[in-house]
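**Student:** Take this structure, written in structure tokens, and hold onto it; I'll ask about it next.
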Amino acid sequence: MKLEISLSPEAVFHIGAFPVTNSLLMMVGVTLFLIVCVVILNRKMKMVPQGFQNGVEMIFEGALDFVDTIMLDKAKTRKVFPFVFSLFIFILIANLVNFIPTQSISVFNGENFVPILRGVMADYGMVFVLTMISFITVQVVGVMLCGPFGYLGKFFNFKSPMNFFVGILELVGEFAKILSLSFRLFGNIFAGEVLMSVFLFLFPFFLPLPFMFLELITAVIQAFVFAVLTLVFIKMAGETAEGH
């Protein structure tokens, strides 16, 4: 028996020429799980919260208050909160699902045996798409709040050579956010998955438990960091060119 670690996701089967990878199957599973949870919670909502609903509302209110401490504008907070909180919940659940022992479930895809499921955030392609959604949202918010010329003025300022140079640095920094967001999330989750696979392969009992606890903390922190950085970028995009 040997341990195989693949940087890229493996195709479980094909629909025509389109490969359905194990990370894509995991993403679909997480998405369906969240949709079912939302539908069930929505149907059981009561005017006077009790029990589980009360706990859920406390989490939402706490998260809303936290977002407001960054945005400092309740109207803007209510607009960006659904997007940022959805990012956090999706990444968090996708990370926590990695602790379910699905790696041992393999299928033959016509060439070799591959795990049927793989961590969503351990696939850089998935993380990159998520990052691009965040990046595009930030740019759209910036244009909506500052206007096209006001927002572009942060990057192309011809008032002086120094302002122009600073603007170009801002532009480079804006695109650097894509690498920063994506590699931070992917690197931590993939490295953790590899570490856990190695320890579980070499020492199946007891020894991996402390590392599993550390990876659990990492899963929560990385979801939080990605969502908060997106929130901070949205706030920064909403500032006027004069404010910079």
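The values are calculated or read from the model by the stated rules, or taken from the named source; none is laboratory data. In this text, all values refer to a predicted model and were calculated from it rather than measured experimentally. Because the Cβ atoms are built from the backbone with ideal geometry, glycine has one as well, and the counts that use them run over all protein chains shown.
**Student:** Go over the candidates Phe165, Phe186, Phe156, Phe213 one by one and state the one that is modelled with pLDDT of 80 or more, buried (at least 17 other Cβ atoms within 10 Å of the Cβ), of a type in the set (A, V, I, L, M, F, W, C) and over 23 Å from Ile70 (Cα atoms).
**Tutor:** Phe186
**Student:** Pick from region 169-183 the residues that are among the aliphatic types (A, V, I, L, M) and surrounded by fewer than 13 Cβ atoms within 10 Å (Cβ to Cβ): which of them is nearest to Ala219 (Cα to Cα)?
**Tutor:** Filtering region 169-183 down to residues among the aliphatic types (A, V, I, L, M) leaves 169, 171-172, 176, 178-179, 181.
Pick out the ones that are also surrounded by fewer than 13 Cβ atoms within 10 Å (Cβ to Cβ) and you get 169, 172, 176, 179.
On the way: Leu169: 32, Val172: 29, Ala176: 23, Leu179: 19 Å.
Filtering first and then ranking leaves Leu179.
**Student:** Inspect region 51-58 for any residue being farther than 28 Å from Gly125 by Cα and not in a helix (DSSP H, G or I) and give the result as yes or no. Reasoning before the result, please.
**Tutor:** Our first condition is that a residue be farther than 28 Å from Gly125 by Cα; within region 51-58, this holds for 51-58.
Adding the requirement that they be not in a helix (DSSP H, G or I) leaves none.
No, every residue in region 51-58 fails to be farther than 28 Å from Gly125 by Cα and not in a helix (DSSP H, G or I).
**Student:** Are any of the residues in region 118-127 under 14 Å from Phe233 (Cα atoms) and either among the β-branched types (Val, Ile, Thr) or crowded, with 18+ Cβ neighbours inside 10 Å (or both)? It would help to see each step written out before you state the result.
**Tutor:** Step one: list which residues in region 118-127 are under 14 Å from Phe233 (Cα atoms), which gives none.
No, every residue in region 118-127 fails to be under 14 Å from Phe233 (Cα atoms) and either among the β-branched types (Val, Ile, Thr) or crowded, with 18+ Cβ neighbours inside 10 Å (or both).
**Student:** Just give me the residues in region 74-101 being over 16 Å from Val28 (Cβ atoms) and not in a helix (DSSP H, G or I), in sequence order. Lay out the reasoning, then the answer.
**Tutor:** First pass over region 74-101, keeping only residues over 16 Å from Val28 (Cβ atoms): 74-89, 92, 95-96, 99, 101.
Once the filter is applied, which keeps residues that are over 16 Å from Val28 (Cβ atoms) and not in a helix (DSSP H, G or I), region 74-101 yields only Pro101.
**Student:** Further question on the same structure: Out of the residues in region 13-35 that are farther than 22 Å from Val84 by Cβ and of a type in the set (Val, Ile, Thr), state the one that is surrounded by the fewest Cβ atoms within 10 Å (Cβ to Cβ).
**Tutor:** Filtering first and then ranking leaves Ile15.
**Student:** Ok, one more. Specify the residue that is surrounded by the fewest Cβ atoms within 10 Å (Cβ to Cβ); the eligible residues are those in region 94-112 that are more than 10 Å from the chain's Cα centre (by Cα) and at pLDDT 85 or above. First the steps, then the outcome.
**Tutor:** As a first pass, look at region 94-112 and keep what is more than 10 Å from the chain's Cα centre (by Cα): 96-112.
Remaining after also requiring at pLDDT 85 or above: 96-97.
Numbers: Leu96: 14, Val97: 19.
Selected residue: Leu96.
**Student:** Something else now. Out of region 60-73, which residues are assigned to a helix (DSSP H, G or I) and surrounded by 11 or more Cβ atoms within 10 Å (Cβ to Cβ)?
**Tutor:** Result: Phe60, Ala63, Leu64, Phe66, Val67, Asp68, Ile70, Met71.
**Student:** Got a sec? Which of Thr230, Thr240 is β-branched (Val, Ile, Thr), modelled with pLDDT of 90 or more and either surrounded by 14 or more Cβ atoms within 10 Å (Cβ to Cβ) or within 30 Å of Met144 (Cβ to Cβ) (or both)?
**Tutor:** Working: Thr240 fails: modelled with pLDDT of 90 or more.
It is Thr230.
**Student:** Does Phe88 count as modelled with pLDDT of 85 or more, surrounded by fewer than 18 Cβ atoms within 10 Å (Cβ to Cβ) and of a type in the set (Phe, Trp, Tyr)?
**Tutor:** Details: modelled with pLDDT of 85 or more: yes; surrounded by fewer than 18 Cβ atoms within 10 Å (Cβ to Cβ): no; of a type in the set (Phe, Trp, Tyr): yes.
No; evaluated as a whole, the condition is false for this residue.
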